[in-house]
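Structure first, commentary second.
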Amino acid sequence: MNAVESKAVRVNIPRALLNRTGNQRWVEVHGATIREVINALDAAYPGLKFNLCFETGELRQFVNIFVQGEDARALQGLDTPVPPGATVYLIHSIAGG
Amino acid sequence: MSTNYPSETTLLLAGTKRGLFLLSSQDRKSWKVDGQLLAGTRVYNASYDQRNGRMYAADNGDFFGSFLRYSDDLGETWQEPKQGIQFPEDGGLKLTNIWTIVAGRKDEPDTVYAGVDPATLWVSQDRGETWEPNQGLLNHPTRSNWNPGAGGLCLHSIVPDYSNSQRMWVGISAVGCMRTEDGGTTWTHHNRNTRADFFPENRYPEYGQCLHRLLQHPTKPDVLYQQNHCGIYKSMDAGENWIDIQRDLPSQFGFPIALDYNNPDTAFVIVEGDARNNIDDQFTVYRTKDGGDSWDRSTNGLPSGPGVRLGVLRHGMCSDTADPSGVYVGTNTGQIFGSTNAGDSWELIADYLPAVYSVNAVVLDS
């Protein structure tokens with residue numbers, strides 16, 4: 001594994017978006033912030049960014065992104081740093097009670 | 001599900017809070033329910049393009065955005081357009097919901113229109129593969145004054161004039177009726193004599209009316225009908241003036257309206273009380289046979305009782321083009337009622353569906 005590959009971020013894809021990733025539950029991309037991770041995801045899996053963000057770039061209301069177990073909204077939002085090798089979860093809000 | 005319906009099948013597309021259902025019938029008496037398509041998504045509307053057999057659906061997901069999707073195999077598989085409905089990143093607008101998808105005129109066979117929230121008209125000239133917003137409406141000089149209704153700032157009604165390729169009307173809540181005479185380059189407001197009772201100082205503004213649904217008369221192109229937050233109206237002059245045809249209807253408020261394509265002076269509305277369901281214990285479709293001069297109550301076969309409280313949403317009623325006309329009503333509690341005699345009597349043709357957002361009927365060609 002070279003240095004670039006070693007810095008990949010592991011991203012967990014929610015079930016509703018598996019059609020974007022060819023049913024891959026875990027994908028790896030590169031990015032130093034949530035924004036960069038989202039852009040990298042969209043480059044690899046076109047259309048995925050619009051699932052997560054509005055056209056204006058802001059995160060959709062019921063989409064939550066966790067970095068190393070922390071809700072990015074409570075950190076620096078889309079500018080939240082993502083350490084090399086971090087685990088990122090894309091999660092929609094709890095529905096149903 | 002079956003993707004091979006015999007010719008002359010009546011197909012009813014029911015968009016619901018949880019997916020799309022297809023009701024099919026050869027005799028409009030016995031109905032088969034196929035679905036659930038696009039399960040788990042909120043399908044505000046779905047339409048079938050008779051010109052090429054393509055089906056469109058407005059998929060407004062709970063979490064991950066709104067998408068127009070199309071299917072060439074009656075819902076077996078769905079495709080996303082190459083360039084879907086998305087606003088420019090630097091424009092400040094963000095897509096909230098897709099409300100309606102309407103096939104173009106006969107002389108524009110590859111054109112499809114879509115109406116969305118925030119109020120914009122989208123046009124595809126390649127059967128839904130790529131979409132662009134209509135610039136005249138997007139940049140309308142009054143846009144900054146437009147305000148949403150409770151359902152959002154939604155462009156929900158699109159009426160391409162079948163007699164004039166340059167003329168079109170759209171209905172926006174809460175802006176009102178707008179018309180273009182130059183193929184969409186410029187648009188003007190047309191709300192004269194329609195009320196906006198929620199404006200205490202000026203009940204008849206140039207625009208700001210909460211128009212709920214807009215339809216064109218099937219044989220007289222200058223005649224329009226609209227159901228409004230504040231009344232039911234008819235225009236005899238392409239929207240220049242509107243005539244209040246509420247008469248003795250028990251409420252001015254309702255969402256859907258449908259027309260009888262065999263009897264052009266027959267129309268159907270549903271009006272609701274403050275609770276947004278049937279006003280007394282009888283679920284009722286109100287029918288006029290004289291272009292709105294008088295109304296009768298169509299109730300034969302519709303439910304009644306102390307617990308009957310049904311609501312019908314904006315696109316929850318439609319008619320087909322068979323003779324005699326079929327009329328269909330979907331409720332927010334998951335029933336669909338059908339009439340094959342222009343409202344003389346009704347049958348329950350589906351039950352236990354999710355809340356019905358829209359019904360659209362088509363009689364399949366051979």
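The values are calculated or read from the model by the stated rules, or taken from the named source; none is laboratory data. Just so you know, these numbers come straight off a predicted model, no measurement behind them. Neighbour counts run over all protein chains shown; Cβ positions are idealised from the backbone, glycine included.
B:Gly75 meets the conditions (1) within 20 Å of the chain's Cα centre (by Cα); (2) among the small types (Gly, Ala, Ser); (3) more than 14 Å from chain A (Cβ to nearest Cβ) in every case but one. The failed one is (1). Take the residues in segment A:32-53 that are surrounded by fewer than 20 Cβ atoms within 10 Å (Cβ to Cβ) and either more than 14 Å from chain B (Cβ to nearest Cβ) or among the small types (Gly, Ala, Ser) (or both); name whichever of them is farthest from B:Ser66 (Cα to Cα). Applying the filter and picking the extreme gives A:Ala32. Within segment B:44-69, if we keep just the residues that are surrounded by fewer than 20 Cβ atoms within 10 Å (Cβ to Cβ) and within 22 Å of B:Asn134 (Cβ to Cβ), the residue that is farthest from the other protein chains (Cβ to nearest Cβ) turns out to be B:Arg51.
Have a look at B:Gln226, B:Gln246 and point out the one that is among the polar types (S, T, N, Q) and in a strand (DSSP E or B).
On inspection, the qualifying residue turns out to be B:Gln226.
The residues of segment B:2-25 that are modelled with pLDDT of 95 or more and at positive phi amount to a single one, B:Gly19.
Condition first: in a loop (DSSP other than H, G, I, E, B) and surrounded by fewer than 18 Cβ atoms within 10 Å (Cβ to Cβ). Now tell me which residues in segment A:15-31 satisfy that.
Filtering segment A:15-31 for residues in a loop (DSSP other than H, G, I, E, B) gives A:18-25, A:30-31.
A:Leu18, A:Asn19, A:Thr21, A:Gly22, A:Asn23, A:Gln24, A:Arg25, A:His30 - these are the residues of segment A:15-31 that are in a loop (DSSP other than H, G, I, E, B) and surrounded by fewer than 18 Cβ atoms within 10 Å (Cβ to Cβ).
Against the test of being under 21 Å from B:Trp99 (Cβ atoms) and touching a residue at least 24 places away in the same chain (Cβ under 8 Å), the options B:Ser319, B:Ser325, B:Ser345 yield a single qualifying residue, B:Ser319.
When restricted to residues that are more than 14 Å from every other protein chain (Cβ to nearest Cβ) and in a strand (DSSP E or B), segment B:17-43 contains 13.
So, of the residues in segment B:113-129 that are within 14 Å of another protein chain (Cβ to nearest Cβ) and either over 16 Å from the mean Cα position of the chain (by Cα) or not charged (D, E, K, R) (or both), which turns out to be farthest from B:Leu215 (Cα to Cα)? Break it down into steps so the answer makes sense when it comes.
At the first step, the residues of segment B:113-129 found to be within 14 Å of another protein chain (Cβ to nearest Cβ) are B:116-118, B:120, B:122.
Pick out the ones that are also either over 16 Å from the mean Cα position of the chain (by Cα) or not charged (D, E, K, R) (or both) and you get B:116, B:118, B:120, B:122.
Numbers: B:Val116: 17, B:Pro118: 21, B:Thr120: 18, B:Trp122: 19 Å.
It comes out as B:Pro118.
Considering the conditions (1) in contact with a Cys (Cβ under 6 Å, 6 or more places away or on another chain); (2) over 21 Å from B:Trp295 (Cα atoms); (3) not acidic (Asp, Glu), B:Gln252 is excluded by exactly one of them, (2). I'd like the residue in segment A:54-92 that is in contact with a strand residue (DSSP E or B) (Cβ under 8 Å, 6 or more places away or on another chain) and within 9 Å of chain B (Cβ to nearest Cβ) and, out of all such residues, is farthest from B:Gly92 (Cα to Cα). Among those residues, the one meeting the criterion is A:His92. Note on segment B:87-112: residues that are within 30 Å of B:Ser144 (Cβ to Cβ), in a loop (DSSP other than H, G, I, E, B) and more than 10 Å from chain A (Cβ to nearest Cβ) amount to 2. Looking only at segment B:77-86, decide whether some residue is part of a strand (DSSP E or B) and surrounded by fewer than 19 Cβ atoms within 10 Å (Cβ to Cβ). The answer is yes; a qualifying residue exists. Among the residues of segment B:257-290, those identified as closer than 24 Å to B:Arg167 by Cβ and in contact (Cβ under 8 Å) with a residue 40 or more places away in the chain are B:Ile257, B:Ala258, B:Leu259, B:Asp260, B:Tyr261, B:Pro264, B:Ala267. Against the numbered list (1) modelled with pLDDT of 95 or more; (2) acidic (Asp, Glu); (3) in contact with an Asp or Glu (Cβ under 8 Å, 6 or more places away or on another chain), B:Glu89 comes up short only at (1). Per the conditions (1) more than 22 Å from B:Tyr225 (Cα to Cα); (2) within 17 Å of the chain's Cα centre (by Cα); (3) aliphatic (A, V, I, L, M), the sole criterion not satisfied by B:Leu138 is (2).
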